[in-house]
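Working notes, beginning with the structure itself.
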Amino acid sequence: MSSDRLIIFDTTLRDGEQSPGASMTRDEKVRIARQLERLRVDVIEAGFAAASNGDFESVQAIARAVKDSTICSLSRANDRDISRSAEALKDANRARIHTFIATSPLHMEKKLRMSPEEVLEQAKRSVRFARNLLDDIEFSAEDGYRSDLDFLARVCEVVINEGATTINIPDTVGYAIPELYGNFIKSLREKVPNSDKAIWSVHCHNDLGMAVANSLAGVKIGGARQVECTINGLGERAGNCALEEVVMAVKTRRDYFGLDVNIATEQIVPASRMVSQTTGFVVQPNKAVVGANAFAHASGIHQDGVLKARDTYEIMRAEDVGWSANKIVLGKLSGRNAFKQRLQELGVEMESEAAINAAFASFKELADRKSEIFDEDILALVQMESSNTPEDVFRFVSLEQHSETGEQPQATVVFSREGQEVKASSSGNGPVDACFKAIESQVQSGAEMMLFSINAISGSTESQGEVTVRLQRAGRVVNGVGADPDVIVASALAYLNALNKLHSTADSVPAQGANAI
């Protein structure tokens, strides 16, 4: 690999999914993986194949669906995990096994209960075993930044000798400071005699808000040539290094970093929206690059400057990262070809002509109710269509609700259950509460609601409301998403969508936190 190219390793589907409540179904993971492929991510970490049958099937499905990116599966440093990863990856065009073991004194003593020599031997054996199955092997030293430098150098030297092609040094707990972390990577590479035989990688968590800064320091000071990151910085605790921020920092400041990335940056915003809509983790408005306010200017002085010369206050072009310059795109008189063309411009790929037809029918229905259709509306509509499957147990039919000051709100919901219409009524503290209680009076799911959130898709009072409902039952956590100009209807759609996922036997949640690096 050229020394002036930075490899982007996306772990949204593995480390990102470790965010409590961010677990995804197999089909959702495949959709996101395809978007990451359109984004031209170099390596997609598809999951942890040994964690559960559901995760194995997700890795396997992604390996079959994605052709242009390397597909990676995480494994603990043991033969069973590594074999499971290799099996899940066997249909991939390009595959990587990523194996890890903790190397810090704290983790070795308290978590692994192993001596440093035992850890060294385990790392050596696991990489040797993996190298006999695949050529592309990544080794991670969990809690690497808090490891003894000399011991870590011994481990890295040994695993490179055994065939590891990428060496990853994670800041697992987000403890690092940029200058110190960069120098740590630099010193480590200098101590490892065969360091030139592997690509060095950084994986930083955001507990102190420095994941991106630490990663970039690892690149600039330490000489790392792979960054491990996630869309929107998704991840457990405070999250991971944000892909969109690293990529745009390197591209915008190529004068400083002197590196190229292979990313199709115009696909960044579509990827951000897809991950947000799928997981229910709303992007904050002032989030760099992908936040709604990232290219907004409220100050009169700033507005005047941008109108005269964009680069007075903008260091990036909004359209370069996927923000549409054409906000109002379609209306009720628009035809199917115009709708299909706009999907292509937005980077949306539908599974079939039947799927396009279904999405177009939903678009026409929305256009009859909403005078202006925005890109955000189309993306939400496509996400809704994608989340509905022929196997769905519950389907929304209609809703009636009444609320007035001083009176308890009432709701009547009609929905189908395995093809049979059910009508349910209830009162509640508010119209949404009444709606959910009406559904539950018939379904009796026994699920606990962990999250209810409403987000306006666009800026006007005509905007669709996008609702996320997170339910938990028997340790399983699912997200349901619904969108509609009527937020009560959107809420019912989201609730039924979550119930369908709870009833699905095709997907299971991996062991959260068992696969952290």
(request) Would you check which residues across segment 166-212 are touching a helix residue (DSSP H, G or I) at 6+ places or on another chain (Cβ under 8 Å), among the hydroxyl-bearing types (Ser, Thr, Tyr) and under 18 Å from Asp135 (Cα atoms) and list them? (result) Ser195
(request) Restrict the check to segment 268-281 and report whether at least one residue is touching a residue at least 24 places away in the same chain (Cβ under 8 Å), over 26 Å from Asn479 (Cβ atoms) and among the polar types (S, T, N, Q). (result) no
(request) Return the residue satisfying two criteria in turn: it lies in segment 134-153 and is crowded, with 17+ Cβ neighbours inside 10 Å and of a type in the set (A, V, I, L, M), and of such residues it is farthest from Thr172 (Cα to Cα). (result) Leu134
(request) Tell me which residues, restricted to segment 121-179, are β-branched (Val, Ile, Thr), touching a Lys or Arg at 6+ places or on another chain (Cβ under 7 Å) and under 16 Å from Phe9 (Cβ atoms). (result) Ile137
(message) I want to confirm something. Restricting to segment 163-193 and keeping residues that are of a type in the set (S, T, N, Q) and farther than 13 Å from Phe139 by Cβ, which single residue is surrounded by the fewest Cβ atoms within 10 Å (Cβ to Cβ)?
(response) Ser187
(request) Would you kindly identify the strands (runs of 3 or more DSSP E) lying entirely within segment 119-235 that contain at least 2 residues that are more than 27 Å from Arg80 (Cβ to Cβ) and touching a His at 6+ places or on another chain (Cβ under 9 Å)? (result) 226-229
(request) Filter segment 88-129 down to residues that are farther than 20 Å from Thr70 by Cβ and among the acidic types (Asp, Glu) and give me whichever is surrounded by the fewest Cβ atoms within 10 Å (Cβ to Cβ). (result) Glu117
(request) Return yes or no: is Arg80 of a type outside the set (Ser, Thr, Tyr), touching a helix residue (DSSP H, G or I) at 6+ places or on another chain (Cβ under 9 Å) and surrounded by fewer than 24 Cβ atoms within 10 Å (Cβ to Cβ)? (result) no
(message) Looking at Arg64, Arg154, can you tell me which residue is in the same structural domain as Asn240 (by TED's automatic domain parsing), modelled with pLDDT of 95 or more and over 25 Å from Lys29 (Cα atoms)?
(response) Arg154
(request) For segment 418-492, please list each of the strands (runs of 3 or more DSSP E) lying entirely inside it that holds at least 1 residues being at pLDDT 90 or above, of a type outside the set (Gly, Ala, Ser) and under 30 Å from Glu376 (Cβ atoms). (result) 448-456, 465-473, 476-484
(request) Please enumerate the residues belonging to segment 205-237 that are more than 21 Å from Asp260 (Cβ to Cβ) and of a type in the set (A, V, I, L, M, F, W, C). (result) Leu208, Met210, Ala211, Leu234
(request) Tally the residues that are out of contact with any strand residue (DSSP E or B) (no Cβ under 6 Å at 6 or more places or on another chain) and either aliphatic (A, V, I, L, M) or in contact (Cβ under 8 Å) with a residue 60 or more places away in the chain (or both), restricting the search to segment 213-226. (result) 5
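The values are calculated or read from the model by the stated rules, or taken from the named source; none is laboratory data. This structure is a prediction, so every number in the text was calculated from the model and none was measured. Neighbour counts are summed over all protein chains in view; Cβ atoms, including those assigned to glycine, are modelled from backbone coordinates with ideal geometry.
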